[in-house]
Amino acid sequence: MATEEESTVREPLDLIRLSLDERIYVKLRSDRELRGKLHAYDQHLNMILGDVEEVITTVEIDDETYEEIVRTTRRTVPFLFVRGDGVILVSPPLRTA
Amino acid sequence: MSGGSGGGGAVKTPADFLKSIRGRPVVVKLNSGVDYRGILACLDGYMNIAMEQTEEYVNGQLKNKYGDAFIRGNNVLYISTSKRTLAEGA
Amino acid sequence: MLFFSYFKELVGKEVTVELKNDLAIRGILHSVDQYLNIKLENTRVVDQDKYPHMLSVRNCFIRGSVVRYVQLPPDGVDIDILHDATRREARGGG
């Protein structure tokens with residue numbers, strides 16, 4: 001089924017198209033990251049992900065030492081619709097170096 | 001008058017520039033200040049970008065590497081060609 | 001159109017809408033429009049201790065642009081249908 005035409009990257013969204021049904025990494029605004037299986041997307045980068053892990057990174061300043069304390073909080077969601085306007089970057093994680 | 005040959009000659013318009021840099025090593029700076037260095041695979045009219053061998057730099061420090069990366073165009077501040085030579089084996 | 005159509009199919013089911021200001025509201029999806037504005041009924045705020053002023057809110061209209069996530073009911077996701085719709089959308093509107 002997959003012809004040469006369907007498997008080449010001619011425009012950026014092809015990279016997303018080729019990631020359908022794959023686990024992807026999504027970097028979002030406000031220091032959020034998602035990993036999940038891509039079930040649907042549109043040209044705005046609205047997406048539906050499955051088996052999603054969200055990581056939120058927060059930086060606090062210690063009151064006394066003024067040291068930065070980096071905290072990550074994690075949660076999992078079975079199915080998540082993600083609004084595209086918050087998306088910064090999408091990467092197929094398996095090919096992540 | 002001459003059409004956008006875009007190869008290596010004089011670049012005339014932003015569109016010519018964008019056409020001419022496919023396959024080249026670039027630095028993409030986002031509004032957040034984060035830099036992405038890698039090979040520009042392609043881009044579209046929204047400045048959505050596909051990159052290969054991408055390195056993410058936050059405050060000049062390497063934070064992440066991505067084999068392939070799609071960057072949503074609204075986050076892009078600029079795209080700059082870079083002279084950096086990447087490791088062989090692309 | 002893909003997600004507009006998808007959310008229309010979800011009307012009557014319970015969802016959790018998470019807003020960009022971190023407020024999360026659970027409720028029955030009453031309706032949706034092309035901008036993905038959302039009307040919820042029988043709502044309750046997920047973290048009631050943090051947002052006590054929302055205690056009496058039972059219905060609400062949410063502007064699509066302030067939505068960060070919508071947590072979907074597992075029985076409201078048919079993966080094969082989504083894949084087909086996405087491929088059709090990619091061909092048509094790319």
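The values are calculated or read from the model by the stated rules, or taken from the named source; none is laboratory data. Keep in mind that what you see is a predicted model, and the values were worked out from it rather than measured. Ideal geometry is used to build each Cβ from the backbone, glycine not excepted, and the neighbour counts take in all protein chains shown.
Any chance you could count how many residues in region C:34-51 are out of contact with any strand residue (DSSP E or B) (no Cβ under 9 Å at 6 or more places or on another chain) and acidic (Asp, Glu)?
Residues flagged as out of contact with any strand residue (DSSP E or B) (no Cβ under 9 Å at 6 or more places or on another chain) and acidic (Asp, Glu) within region C:34-51 amount to 1.
Would you confirm, using the coordinates I've provided, whether C:Gly27 is small (Gly, Ala, Ser), under 10 Å from the mean Cα position of the chain (by Cα) and more than 24 Å from A:Asp31 (Cβ to Cβ)?
Against the criterion (small (Gly, Ala, Ser), under 10 Å from the mean Cα position of the chain (by Cα) and more than 24 Å from A:Asp31 (Cβ to Cβ)), C:Gly27 qualifies.
Please note which strands (runs of 3 or more DSSP E) are completely contained in region A:14-97 and include at least 1 residues that are within 11 Å of chain B (Cβ to nearest Cβ) and under 12 Å from the mean Cα position of the chain (by Cα).
Of the strands (runs of 3 or more DSSP E) lying wholly inside region A:14-97, those with at least 1 residues that are within 11 Å of chain B (Cβ to nearest Cβ) and under 12 Å from the mean Cα position of the chain (by Cα) span A:23-28, A:32-41, A:87-91.
Test C:Arg44 against the criterion of being surrounded by fewer than 18 Cβ atoms within 10 Å (Cβ to Cβ) and within 11 Å of another protein chain (Cβ to nearest Cβ), and give yes or no.
Working: surrounded by fewer than 18 Cβ atoms within 10 Å (Cβ to Cβ): yes; within 11 Å of another protein chain (Cβ to nearest Cβ): no.
Judged against the criteria, C:Arg44 is not a match.
I'd like the full set of residues that are within 10 Å of chain A (Cβ to nearest Cβ) and touching a strand residue (DSSP E or B) at 6+ places or on another chain (Cβ under 8 Å), limited to region C:52-65.
Result: C:Gly64, single match.
I need the full set of residues from region C:66-94 which are within 7 Å of chain A (Cβ to nearest Cβ), under 16 Å from the mean Cα position of the chain (by Cα) and not aliphatic (A, V, I, L, M), in order please.
C:Arg68, C:Tyr69, C:Gln71, C:Pro74
I need every pair where a residue in region C:1-23 that is closer than 20 Å to C:Ala90 by Cβ has its Cβ under 6 Å from the Cβ of a residue that is surrounded by 14 or more Cβ atoms within 10 Å (Cβ to Cβ) and at pLDDT below 95, sequence separation at least 6 or different chains.
C:Leu2/C:Glu89
Within region C:75-92, can you find the residues that are farther than 18 Å from A:Leu18 by Cβ, among the acidic types (Asp, Glu) and surrounded by 13 or more Cβ atoms within 10 Å (Cβ to Cβ)?
The first filter runs over region C:75-92 and keeps only residues farther than 18 Å from A:Leu18 by Cβ, leaving C:75-78, C:80-81.
Pick out the ones that are also among the acidic types (Asp, Glu) and you get C:75, C:78, C:80.
Answer for region C:75-92, where residues must be farther than 18 Å from A:Leu18 by Cβ, among the acidic types (Asp, Glu) and surrounded by 13 or more Cβ atoms within 10 Å (Cβ to Cβ): just C:Asp78.
Taking region B:40-53 on its own, how many of its residues are more than 8 Å from every other protein chain (Cβ to nearest Cβ) and not acidic (Asp, Glu)?
5
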